[in-house]
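Asks: Here it is: the structure, laid out below.
Read-outs: derived from the displayed coordinates by stated rules, not from any lab. None of the values given here were measured: they were computed from a predicted structure. In this analysis, Cβ positions are derived from the backbone assuming ideal geometry, glycine residues included, and neighbour counts consider all displayed protein chains.
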Amino acid sequence: MNQLNSIILEGNVVKKAVLSKPTAGFVVCKFPLAVNRKTKSPDGEQHEEVSYFDIETYGEMAEKCSKYCDKGQGVRVVGRLKQSRWKENDVSKSKIYVVAEHVEYKFHKPKPEEIEQTNEQSNEQTSVQAEGQAPAAETKTEASAAPKSEEVIAAEKTAEEAAVF
């Protein structure tokens, strides 16, 4: 029979990732990950269960994680479980942690208030342009990078959901 050791976790980084170099040419990054699970009891009451996992990455991925894994950052980790064993005062101890083989970063989705605030800023820039003042090149760049309207976001979500199999 084949043996399988694989895990996929999706959650939020609990605290800033820590990068270390235990030996020359070897880089390790460690960070804790919180994974939430919501359930409903038979009587309809909602419960939330939080599980914490220690994550380790190595090499180039470790350097990227140390840069991007800040507290609260959403990530998806694909990896394997690893157990460390040691003796402390003649007592056997062990710890299980996740060795990440792949890490994806979830992007921040703007809240409706943030979209409205950005749209108001874009409207202010447009009214300045209408008064005859030529916009600076930076203003055009900022306006073109403004978030999409709620209708466009909803339409894109619908299209994405239809494309998922």
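Asks: Within segment 49-60, which residues are of a type in the set (S, T, N, Q) and within 15 Å of residue 14 (Cα to Cα)?
Replies: Kept after step one, since they are of a type in the set (S, T, N, Q), are these residues of segment 49-60: 51, 57.
Across segment 49-60, the qualifying residue is only 51.
Asks: While we're here: Please specify each residue of segment 49-94 satisfying the condition of being surrounded by 10 or more Cβ atoms within 10 Å (Cβ to Cβ) and assigned to a loop (DSSP other than H, G, I, E, B).
Replies: Passing the criteria: 69, 70, 71, 72, 73.
Asks: In segment 25-48, what residues are farther than 19 Å from residue 15 by Cβ, surrounded by 10 or more Cβ atoms within 10 Å (Cβ to Cβ) and of a type in the set (Lys, Arg)?
Replies: Once the filter is applied, which keeps residues that are farther than 19 Å from residue 15 by Cβ, surrounded by 10 or more Cβ atoms within 10 Å (Cβ to Cβ) and of a type in the set (Lys, Arg), segment 25-48 yields only 37.
Asks: Evaluate segment 60-73: report whether one residue or more is out of contact with any Lys or Arg (no Cβ under 8 Å at 6 or more places or on another chain) and of a type in the set (Asp, Glu). Break it down into steps so the answer makes sense when it comes.
Replies: Going through segment 60-73, the residues out of contact with any Lys or Arg (no Cβ under 8 Å at 6 or more places or on another chain) turn out to be 60-68, 72.
Keeping just the survivors that are of a type in the set (Asp, Glu) gives 60, 63.
Scanning segment 60-73, I find at least one residue that is out of contact with any Lys or Arg (no Cβ under 8 Å at 6 or more places or on another chain) and of a type in the set (Asp, Glu), so the answer is yes.
Asks: Related question: Say we look at segment 11-25 and pick out the residues that are touching a Leu at 6+ places or on another chain (Cβ under 9 Å) and in a strand (DSSP E or B); which of these is farthest from residue 69 (Cα to Cα)? Talk me through it step by step, then tell me what you get.
Replies: From segment 11-25, those touching a Leu at 6+ places or on another chain (Cβ under 9 Å) are 11-14; that's our starting set.
Within this subset, residues satisfying the condition of being in a strand (DSSP E or B) are 11-13.
On the way: 11: 12, 12: 9, 13: 7 Å.
The qualifying residue farthest from residue 69 (Cα to Cα) is 11.
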